[in-house]
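The values are calculated or read from the model by the stated rules, or taken from the named source; none is laboratory data. Treat the numbers as computed from the prediction; the structure is a model and nothing was measured. When we count neighbours, we look across all protein chains shown, and the Cβ atoms used for this are built from the backbone with ideal geometry, even at glycine.
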Amino acid sequence: MGRVLPLLLVACLAVLAAGHKSLEGYRVYRLQPITTEQFEWVRGMQHDPALDFWSNSDVMVSPERQETFLDQLQREGIQWETLVNDVQMTIDAEKMRQLMASPDGMGRAISFTKYNRYDEIQAYLQELASSYPSIVTVGSLGTSSEGRAIPLIKISTGGNGNRPVVFVDAGIHAREWIAPAMALYIIQQLVENPSNADLIANVDWHIVPLLNPDGYEYSQTSYRLWRKTRSVTTRCTGSDTKNGVDANRNFDFHWMEVGASSSPCSETYAGPRGFSEPETAALRDYVSSNRNIKLYLTFHSYGNYLLYPWGYTSTLPSDWRALDDLARKANAAQVAAGGSSYAVGSSTNVLYAAAGGSDDWVKGVAGVDLSYTIELPGGGIYGFDLPASAISRTVSTFWPAVRVYGEYIAAL
């Protein structure tokens, strides 16, 4: 019997791998630019369709491109180290860990010991609506390009829609699986944990745990590192005709000015026009019609950042001190809970310039003063594959930061 379980797991892994794009031999390099010229060169390379930048310094390179790319780094004088030696091996290892994961005992449709699928997320929201009808309303933000409902949950104890609203979304980038897990944990804590009743006593929470359901499901079933939406654009090498758009470059506020690509094959393709994607248009319409939104939190990964606008310029917003102070208080709370410290600042100055992001549009056009992008931790040598065993600790240690944000809005 001791050999049967490993053999069964290997067989299951083979079934799961069927139909998936293989990343065997792909490597991830961590670049270490020092001079201004080197930083500019790296930024320019981020729009090369043949390269996949996981962060501003981590880049995945195919076996065919590795020798040329390393030669380029040498010519530019840029130091580097190998972060992931074989991407497919890390993906396979995470699949195995998920297969072996034990249930977390919640007794719900979702679990925080694995990454939940779209149908599981929808089922959990419906469970909450049935179990807590006095405070939970479940609906849809809109419909994705492949016809999936974009899940929306409203948590409210009353007020007839006149209370301040905290709006949360996650999963705009498909491969960033820890982000929807964080949104689900926020929902679970607000609805099912009585000790957080103060956070919903006078504040409503509207949460979209999965803004890009098509891309998320595709990353689960076909290509683990899929980032974009699944709209039809053009055929690229090694892809189907649904090449998609980087939805976080698709918001029509300083659209395409910086940090985005006009090439449909690029990971940062901003789309043919602002709000070309039904997912981003749905968020625009919802936020525009709800003037009670006082705080916007959008969850991403990875890199441990608490970011506020602007992403299109290094110039700071006039109220940057208030944004910065609140973010630092949130960071201190999650550090006290055992989390790693996050870098705090404006997107351009702390991370990189990228126009067309949701946080810039929410603040600059929709008029929500408090707007933040939160980059949750990654998996170290696993990159986006933060091990499922780390989900619970990651979301629970960041929860105190969310509580700080909620308490701030409650005190307004």
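Within region 240-271, the only residue that satisfies the criterion of being outside the structural domain of residue 362 (by TED's automatic domain parsing) and of a type in the set (Ser, Thr, Tyr) is 241.
Where the second residue is at pLDDT below 95 and not in a helix (DSSP H, G or I) and the first is farther than 20 Å from residue 172 by Cβ and lies in region 106-122, which pairs have Cβ atoms under 6 Å and are six or more apart or on separate chains? Close Cβ pairs (under 6 Å, with a partner that is at pLDDT below 95 and not in a helix (DSSP H, G or I)) amount to 111/104; 112/104; 113/101; 113/104; 114/101.
Scanning region 203-221 turns up no residue that is assigned to a loop (DSSP other than H, G, I, E, B), touching a residue at least 24 places away in the same chain (Cβ under 8 Å) and surrounded by fewer than 19 Cβ atoms within 10 Å (Cβ to Cβ).
Mind counting the residues in region 241-287 that are touching an Asp or Glu at 6+ places or on another chain (Cβ under 9 Å), assigned to a helix (DSSP H, G or I) and over 17 Å from residue 354 (Cα atoms)? Residues meeting the conditions: 3.
Applying a threshold of 6 Å to beta carbon distances and a minimum spacing of six or more residues, or different chains, the list of pairs starting in region 68-81 at a residue that is farther than 15 Å from residue 27 by Cβ and in the same structural domain as residue 36 (by TED's automatic domain parsing) and ending at one that is in a helix (DSSP H, G or I) and aromatic (Phe, Trp, Tyr) reads 76/41.
Looking across region 159-175, the residues that are in a loop (DSSP other than H, G, I, E, B) and under 15 Å from residue 118 (Cβ atoms) come down to 171, 172, 174, 175.
If I ask for residues that are part of a loop (DSSP other than H, G, I, E, B) and modelled with pLDDT of 90 or more, which ones from region 366-392 would you list? Result: 366, 367, 368, 369, 377. For region 352-382, a residue qualifies if it is within 21 Å of residue 269 (Cβ to Cβ) and either within 15 Å of the chain's Cα centre (by Cα) or buried (at least 22 other Cβ atoms within 10 Å of the Cβ) (or both), and the qualifying residues are 354, 355, 356, 357, 358, 359, 360, 361, 373, 375.
For the structure I just gave you, tell me whether residue 189 is among the polar types (S, T, N, Q), in contact with a helix residue (DSSP H, G or I) (Cβ under 7 Å, 6 or more places away or on another chain), at negative phi and assigned to a helix (DSSP H, G or I). Criteria met by residue 189.
When the criteria are applied in full, residue 312 meets the requirement of being of a type in the set (Phe, Trp, Tyr), surrounded by 20 or more Cβ atoms within 10 Å (Cβ to Cβ) and not in a strand (DSSP E or B). Among the residues making up region 185-197, a single one is more than 15 Å from residue 154 (Cβ to Cβ) and either surrounded by 24 or more Cβ atoms within 10 Å (Cβ to Cβ) or hydrophobic (A, V, I, L, M, F, W, C) (or both): 197. Number of residues in region 307-321 that are under 17 Å from residue 408 (Cα atoms) and touching a residue at least 12 places away in the same chain (Cβ under 8 Å): the value is 3. Tallying residues that are in contact (Cβ under 8 Å) with a residue 60 or more places away in the chain and touching a helix residue (DSSP H, G or I) at 6+ places or on another chain (Cβ under 6 Å) within region 152-167 yields 2.
Pairs are defined by a Cβ separation below 6 Å, a sequence spacing of at least 6 or placement on different chains, a first member in region 282-306 that is of a type in the set (A, V, I, L, M), and a second member that is in a loop (DSSP other than H, G, I, E, B) and at pLDDT 95 or above; the pairs so defined are 287/366; 293/368; 306/342.
Only one of the listed residues (339, 356, 274) is touching a His at 6+ places or on another chain (Cβ under 8 Å) and either in contact (Cβ under 8 Å) with a residue 12 or more places away in the chain or not assigned by TED's automatic domain parsing to the domain that holds residue 259 (or both). That residue is 356.
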